[in-house]
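Structure first, commentary second.
Each value in this text was obtained by applying a stated rule to the coordinates, not by laboratory testing. If you're wondering where the values come from, they're calculated on a predicted model, not measured in any experiment. All Cβ positions, even for glycine, are placed from backbone atoms using ideal geometry, and neighbour counts span all protein chains on display.
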Amino acid sequence: MNVRSEVSIAVALIGFCMLNYFYLIPTQVVAEGSSLVYPALVNTILLCFSIAYLAEGVRSWRVETRLKNKAAVSDGAAGNGIYWRPIAMLVVIGFWVLTMEWIGFLTSTFVFLIFSSRIFGSKSWRKTLIFSLVMPLVVYLIFRGLNSVLPEGPLEELIRSLLG
């Protein structure tokens, strides 16, 4: 897959997320009386990764253009290693969604963020771990402050007992 295809896929995913936000979730989920928390949460995460995928595609496109201008790119080298990322993200998202009910939001999201950050090319384990620890806690505390319920596991029970 070439860089132009990656950018096109990312734009299509962002468009799909916007369709979900502004049409499908309000007309399908909310209109039927269901809570929009989980569809909006999953859609937000998909949107964030789609934007990151778009940024990576644009960056790759710029690098490819620079290299072509310098005549340093050989045929077929630009599409190396592209196919595994979308498949890996589908597996990781599926694992995250399936395990959230059993091990809770914090633990499953921590593992999800570690794997997804590494899939998207994070080089620093330190930054990945800090991001993966802080983000679920921030989201958990926001939802707790709004009196909304996220799937609870052993870690959430411990935090709830400590915070009272």
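Computing semi-axes √(5λ) of the Cα gyration tensor in Å directly from the structure and comparing it against (1) 25, 18, 15; (2) 39, 20, 15; (3) 35, 20, 12 singles out (3). Simple rule: put +1 on each Lys or Arg Cβ and -1 on each Asp or Glu Cβ in the chain, find the dipole, and look at Leu113, Gly94, Phe143; the Cα lying farthest toward the positive end is Leu113. Each stretch of four or more DSSP H residues adds -39500 (n - 2.57); spread over every residue of the chain, this sum gives -24000 deg cm²/dmol at 222 nm. The mean sequence separation of alpha-carbon pairs under 8 Å and at least six residues apart, normalised by the residue count of the chain, gives a relative contact order of 22 percent. Each Lys and Arg contributes +1 and each Asp and Glu -1, all at the Cβ; summed about the Cα centre of the chain, the dipole is approximately 860 debye. Each residue of the stretch 13-27 is assigned a 3J(HN,Hα), and the resulting list reads 5, 5, x, 4, 5, 5, 4, 4, 4, 9, 10, 5, 5, x, 8 Hz, derived from the Karplus form 6.51 cos²θ - 1.76 cosθ + 1.60 (θ = phi - 60°), x at Gly and Pro. When each of the peptides 135-146, 46-57 is scored by how many other beta carbons lie within 10 Å of its residues on average, the order from highest to lowest is 46-57, 135-146.
Here the Karplus curve 6.51 cos²θ - 1.76 cosθ + 1.60, taken at θ = phi - 60°, turns the phi angles of the stretch 127-143 into couplings of 5, 4, 5, 4, 4, 6, 7, 6, 4, x, 5, 4, 4, 4, 5, 5, 5 Hz, with x standing for Gly and Pro.
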